[in-house]
Ligand SMILES: NC(=O)c1ccc[n+]([C@@H]2O[C@H](COP(=O)([O-])OP(=O)(O)OC[C@H]3O[C@@H](n4cnc5c(N)ncnc54)[C@H](O)[C@@H]3O)[C@@H](O)[C@H]2O)c1
């Protein structure tokens with residue numbers, strides 16, 4: 001039987017100890033603060049008894065959990081997972097002490113979310129025995145475990161971490177060391193690009209969140225998520241990414257975060273962040289239901305190739321629109337990633353804002369739109385919202401035609417300011433871009449990225465699946481347009497994305 005040690009009996013440690021005992025391991029839980037130890041052990045026992053009631057574990061599981069008051073009592077452990085406060089010196093000291101107290105073969109694992117595991121391994125005599133085991137909060141419920149291979153980690157340590165993770169019932173991914181490892185790194189654009197959109201006033205924070213929920217199927221938008229995590233915590237993470245990467249522009253903190261922290265608006269825990277929280281936790285109205293698709297009948301031209309244009313044509317046809325290749329049509333929708341060279345005139349024109357913003361496209365009277373396939377049906381997670389934008393020169397009949405058309409297909413509409421990819425496209429394309437950088441740098445595989453973001457961060461689909469649904473060409477069009485129109489390094493496309501596109505391949509190949 002494996003003897004597991006857990007150091008730090010807080011939020012994470014208590015949950016990890018519960019998992020250890022449930023997996024049939026003798027589990028020694030230590031915390032230097034007696035009250036914290038008692039509280040953590042109590043929490044783990046409570047969790048175990050719930051699992052006993054549900055028949056998930058046997059009644060003897062709780063007996064495997066032993067709170068221990070001193071670090072010395074961890075001497076018999078085969079594996080120690082530390083979940084102590086996120087302070088590098090404290091964790092280095094702990095590992096130094098444990099490597100002396102425990103046997104030569106002990107594997108020391110850290111649950112750190114931001115400290116390079118390689119730097120902690122450097123603190124012990126046998127660095128090959130150090131590995132990262134990054135659980136997600138709350139550990140008993142979240143299905144993912146990210147195992148981090150430090151530069152020094154040896155195969156036996158990695159094998160033990162994987163085996164214990166699997167015994168705890170987790171889906172285990174093995175990833176390389178680096179800022180945010182794989183999951184938090186690949187998830188960063190969600191908040192980082194959200195903040196950028198807010199800073200540029202492309203949309204309000206309420207709109208950005210609503211678009212992510214209704215347009216992208218995300219459970220929460222970036223601002224409600226940042227409020228939940230704590231704006232101060234997110235700000236510290238962003239600063240640590242910047243420090244560890246020596247200033248990578250994609251990862252820089254936002255001045256908005258700094259201002260929120262300075263104002264004491266830290267999110268849910270302070271009663272106010274981007275939202276204001278009522279005593280009952282309420283902070284926003286319920287989302288609107290998508291309108292009943294009413295269908296059309298009038299002649300319509302949907303131009304362009306690619307997954308979105310195909311999906312829109314299919315939806316319009318199903319709703320009874322008569323599709324034409326060009327004029328005469330009552331509405332022309334250019335849904336191709338690349339602009340149609342000469343869309344037919346004489347009818348309101350809707351253009352997809354992917355390869356440029358509406359203003360850069362130069363169609364003075366057009367309405368811009370953006371959405372990402374797959375298109376949602378009654379009970380799936382696809383798009384239920386279309387974002388629209390207009391220029392001062394766009395006339396109101398064109399705006400009404402755009403709203404009416406998308407409503408008739410069953411979409412909610414949201415007006416935002418002009419930008420390539422508008423809101424959701426910009427966030428998702430940056431998620432795909434970060435994944436491509438991470439895969440290209442060998443931090444993890446395409447499958448690991450998708451498992452990481454769906455199971456670790458509850459995204460509706462992983463960035464690789466997104467890239468397959470919308471096409472690499474669409475992703476590159478949005479990134480290149482942002483780069484062209486902003487001239488900011490943060491929008492440079494990952495070299496892997498560029499080479500895969502040239503070869504006609506996808507991220508999974
Ligand atoms: N909370 C999360 O969502 C989350 C998610 C993933 C990883 N993590 C990481 O897990 C670790 C623990 O986070 P947490 O949220 O459980 O923190 P926490 O504050 O809830 O718990 C930390 C515990 O460590 C104890 N402690 C203090 N000094 C100690 C020492 N010298 N040695 C051992 N224990 C000591 C404290 O008494 C406390 O009980 C951190 O490294 C954090 O970055 C946290």
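What the table shows:
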| quantity | calculated |
| --- | --- |
| Label-to-label distance, nm, for residues given as residue 201 and residue 276 (7 Å Cα→Cβ offset) | 2.2 |
| Length-normalised contact order for the chain - Cα pairs under 8 Å, 6+ apart - percent | 12 |
| Under the Debye formula (equal points on every Cα, no solvent term), log10 I(q)/I(0) of region 89-218 at q = 0.12, 0.18, 0.21 Å⁻¹ | -0.56, -0.94, -1.15 |
| Highest average packing first - 190-199, 267-276, 140-149, Cβ atoms within 10 Å | 190-199, 140-149, 267-276 |
| Two-decimal log10 I(q)/I(0) for region 216-265, as the Debye equation yields it once each C-alpha is a single scatterer, q = 0.32 Å⁻¹ | -1.13 |
| Highest-first arrangement of 281-293, 23-35, where packing means the average Cβ count within 10 Å | 23-35, 281-293 |
| Rounded to 5, percent antiparallel among DSSP beta bridges of region 90-244 | 30 |
| Region 356-378 and region 418-479: distance between their alpha carbon centers, rounded to Å | 20 |
| Unit Cα scatterers, Debye sum, region 171-286: log10 I(q)/I(0) for q = 0.13, 0.15 Å⁻¹ | -0.52, -0.69 |
| Whole-Å distance, taken between Cα centres, linking region 298-338 and region 226-280 | 42 |
| Percentage relative contact order, region 190-296, counting C-alpha pairs under 8 Å, at least six apart | 23 |
| Over region 46-205, relative contact order from alpha-carbon pairs under 8 Å, at least 6 apart, % | 15 |
| Euclidean distance between Cα centres, region 396-413 to region 126-154, Å | 49 |
| Rough spin-label spacing in nm, given labels placed 7 Å along Cα→Cβ, for residue 36 and residue 119 | 2.0 |
| Pairwise Cα inverse-distance average, inverted: Kirkwood Rh of the chain (Å) | 24.6 |
| Inter-probe distance in nm under a simple model that places probes 7 Å from Cα toward Cβ, at residue 485 and residue 259 | 2.2 |
| Residue 508-residue 11 FRET efficiency (beta carbon distance; Förster radius 30 Å; 0.05 resolution) | 0.30 |
| Pairwise FRET efficiency - residue 325 versus residue 415, Cβ, R0 = 30 Å, nearest 0.05 | 0.50 |
| Fraction of antiparallel bridges per DSSP, the chain only, in percent to nearest 5 | 20 |
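No value in this document is a laboratory result; all are computed from the given coordinates. Since this is a predicted model, take the numbers as computed values, not measurements. Note: ideal-geometry Cβ built from the backbone for every residue, glycine included; neighbour counts use all protein chains shown.
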